[in-house]
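Novice: Below you will find the structure I want to go over with you.
No value in this document is a laboratory result; all are computed from the given coordinates. The model shown is predicted, which means the values in this text are computed figures rather than measured ones. Glycine gets a Cβ as well: all are built from the backbone with ideal geometry, and neighbour counts include every protein chain shown.
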Amino acid sequence: EDQVTQSPEALRLQEGESSSLNCSYTVSGLRGLFWYRQDPGKGPEFLFTLYSAGEEKEKERLKATLTKKESFLHITAPKPEDSATYLCAVQANYGGATNKLIFGTGTLLAVQP
Amino acid sequence: DTAVSQTPKYLVTQMGNDKSIKCEQNLGHDTMYWYKQDSKKFLKIMFSYNNKELIINETVPNRFSPKSPDKAHLNLHINSLELGDSAVYFCASSQFKNYGYTFGSGTRLTVV
C-alpha cells in the first residue's frame, strides 16, 4: 500500500539552528515527491517537486533532496517566519492516466527567536 | 485576485443538516480536487474532476456528492451531516498530470 511517513512530528529550533525534516515513502513507481508548507488557518503552499533519486531543489533557506526511499527538507539558519507545518506528498497511480497525491501527516516546525 | 477561493470559511451546523461548500479557481486549471484534513492534520483526497468529469472518487460516504458545473468550479454537497464529518475541507486545482496543486484556504466544518 502506498504510504508516506514524516518525522519528527514536531521540531523546535532556535533561530539560526539548522536541521532536517524526513519524509520516507512506499509507493509503487514514484512519479513525483512534493513538499508543501502550511500556515495555521491556510491551505498548503507548494514548495518543491522532485522526480528522481539524487535530485535537489533549493529555495531561500530550504533545500529538498530525494533518495529512492526518502526525502529530506534541510532548513539552513532558520528564521521565526519559517515556522509552519511542512507536508510531504507522493504522486501515486490511481488508475489509467490518473494520479493522486498521498500526503504525510506533516512536521510542525517552530523557530524561536 | 484570489487563485482558489472557497466559501464559506467557517460552517457550524447541527447533525442531520445538509450543507454545501463552493470552490472557484481563476488559474485556468483543468483539474480540481476536494481534500479532507482531520484534526491530526492528515490530508486525504476525496474527489477529483478533470474538465467536469469525475476521475477520482475515493472511499467516501455517498452522503458526499461533488458537482462541477464547469472546469473553474467544484462544489461539495453533504447530506445528513454527522459528528465525524467535522474537519477542514480544502479545494485545490492543477493542470492535469502537473501536481503543483494550488490550494484554497479551507472550510472549517463543525458539526454539533
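Novice: Only sites in a loop by DSSP and with at most 16 other Cβ atoms within 10 Å count here; which chymotrypsin sites (Phe, Trp or Tyr not before Pro) in the stretch B:38-112 make the cut?
Specialist: Values: sites: B:42, B:47, B:49, B:64, B:89, B:90, B:96, B:99, B:101, B:103; in loops: B:42, B:96, B:99, B:101.
Those that pass, being in a loop and sparsely packed, are B:42, B:96.
Novice: Name the GluC sites (Glu not before Pro) in the stretch A:33-113 that are in a loop by DSSP and that have at most 14 other C-beta atoms within 10 Å, would you?
Specialist: A:60
Novice: Mind checking the dipole of the protein assembly as shown: about its Cα centre, +1 per Lys or Arg Cβ, -1 per Asp or Glu Cβ, Debye to the nearest 20? Write down the numbers at each step before the final one.
Specialist: Details: 25 positive and 24 negative charges, 50 e Å.
I would put it at about 240 debye.
Novice: Please give every one of the lysines within straight-line cross-link reach of residue B:71, meaning a C-alpha to C-alpha distance under 16 Å, and leave out same-chain neighbours fewer than 8 residues apart.
Specialist: Answer for residue B:71, where 16 Å is the Cα cut-off: B:22, B:52, B:97, listed by chain and number.
Novice: What nm distance separates the two modelled labels at residue A:63 and residue A:28, each placed 7 Å from Cα along Cα→Cβ?
Specialist: 3.6 nm
Novice: Would you mind checking the stretch B:1-30 for residues with the amide N under 13 Å from a putative spin-label position 7 Å along Cα→C-beta of residue B:110?
Specialist: Within reach of a label on residue B:110, which here means backbone N under 13 Å from a point 7 Å along Cα→Cβ, the stretch B:1-30 contributes B:10-14.
Novice: How are the C-alpha pair distances of the stretch A:25-78 spread across 10 Å bins, as whole percents from the shortest bin up?
Specialist: Spelled out bin by bin, the stretch A:25-78 gives 23, 50, 25, 3 percent.
Novice: Return the subset of A:63/B:36; B:9/B:41; A:79/A:100 for which the Cα-Cα distance in this structure is over 22 Å, preserving the input order. Walk me through the numbers on the way to the answer.
Specialist: Working: A:63/B:36 28 Å; B:9/B:41 17 Å; A:79/A:100 33 Å.
The pairs that break the limit, which is 22 Å between Cα atoms, are A:63/B:36; A:79/A:100.
Novice: May I ask you to derive the FRET efficiency for residue B:44 and residue B:7 from their Cβ-Cβ distance with R0 = 25 Å, giving the value to the nearest 0.05?
Specialist: Numbers: r = 22 Å, r/R0 = 0.88.
For residue B:44 and residue B:7, the calculated efficiency is 0.70.
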